[in-house]
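Have a look at the structure below, then the notes.
The values are calculated or read from the model by the stated rules, or taken from the named source; none is laboratory data. Everything quoted here is computed from the prediction, not taken from an experiment. So basically every Cβ, Gly included, is an ideal-geometry build from the backbone, and we count neighbours across all protein chains shown.
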Amino acid sequence: MACSEEAEAQFSEIELLLSMFPSEEELLVDQLSHAELRAFVEGSADTPPSTRPQLSIKVKVDNPEVSITLSCTYPNDYPKVLPEITIRCPELTRAQQMQLHSELNTYLSASCCGEVCVLSAVQWIQDNAQTYISKSVPVSEPKKENVSMPSKETFTRLWIYSHHIYNKFKRKNILEWSKELNLSGFSMPGKPGIVCVEGLQSGCDEFWARVKVLTWKRIMIRHREDFPLDSSWSEERTDSLRKFTSFHEAIFDPHGNRGNHMDLGQLYQFLHDKGCADIFQLYFGIEGR
């Protein structure tokens, strides 16, 4: 099958971005989709890529100095249509991020339709993000209100199931977002993919809101645990409810043709040691051993 103009444009843009942002701290490209796209464009593969190209760029903004992460997924018809973009910035509220994202899409629709536009998006963020960041200072005011007003909190544990987790970009996001949101737990890549996050309900819900909008064949919350905390809750009380002391990626003797299947016996033993053995049957429909 002849390479399409869209595939050539996508590959050329990624190669340009890699030359401009050589460090993974600045640019992270999903290696599997990139390799498949290269093979298709260069003619060593007859079929189009099975996965859509994904990349993440860390955009630095001055005055004040913050970093904004711009994550992009290319639809098959890009650049005839706009890429799927998400924006993450700890200094901005979720509402501000959504507004920034909306105005970015409006700009790209008006100025870049039919052309590759990731660099244009980066430049627009650098030129316009200060307005939103300045509005978010001081960020301590809402937190002060929460401290002074007694309220009921909930400790939550989410057990998430995915058809598979291979993508390096997604795996990096899962690790970074759990740390950012003060969540403990683990993620098991491969097929199937499993993620457990635990912490305050607000953090778990924000984590799920971010993860579920990524491109998945199938992803769902298989089980949810909620533990109400009284008005005198503290970090010590929260930590006493945790099954996991931190968040990490768990690998259990990968095997199979692609090395993407984990040893489920080891997974069961891991869950058993954490006091979560009953979860195994919820995931797989059989008792572990």
* To do: Give the residue that is modelled with the lowest pLDDT, with candidates limited to residues of region 78-119 that are surrounded by fewer than 16 Cβ atoms within 10 Å (Cβ to Cβ) and of a type in the set (A, V, I, L, M, F, W, C).
  => C113
* Is it fair to say S71 is surrounded by 19 or more Cβ atoms within 10 Å (Cβ to Cβ) and among the polar types (S, T, N, Q)? -> yes
* Structure fact -> G256: passes all of (1) within 30 Å of L32 (Cα to Cα); (2) surrounded by fewer than 14 Cβ atoms within 10 Å (Cβ to Cβ); (3) of a type outside the set (D, E); (4) modelled with pLDDT of 90 or more but (4)
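So that you can scan it fast, the table gives a plain yes or no per residue for (1) crowded, with 17+ Cβ neighbours inside 10 Å; (2) at pLDDT below 90:
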| site | (1), (2) |
| --- | --- |
| S19 | no, yes |
| S23 | no, yes |
| L28 | yes, no |
| A35 | no, no |
| R38 | no, no |
| L55 | yes, no |
* Asked: Do the conditions hold for F227, that is, is it crowded, with 18+ Cβ neighbours inside 10 Å and of a type in the set (F, W, Y)?
  -> no
* Asked: Since T51 meets every condition but one in (1) of a type in the set (V, I, T); (2) modelled with pLDDT of 90 or more; (3) within 19 Å of Q31 (Cα to Cα), which condition does it not meet?
  -> (2)
* Among the helices (runs of 4 or more DSSP H) contained in region 1-114, which hold 2 or more residues that are in contact with a Cys (Cβ under 7 Å, 6 or more places away or on another chain) and either under 17 Å from I133 (Cα atoms) or not aromatic (F, W, Y) (or both)? -> 94-111
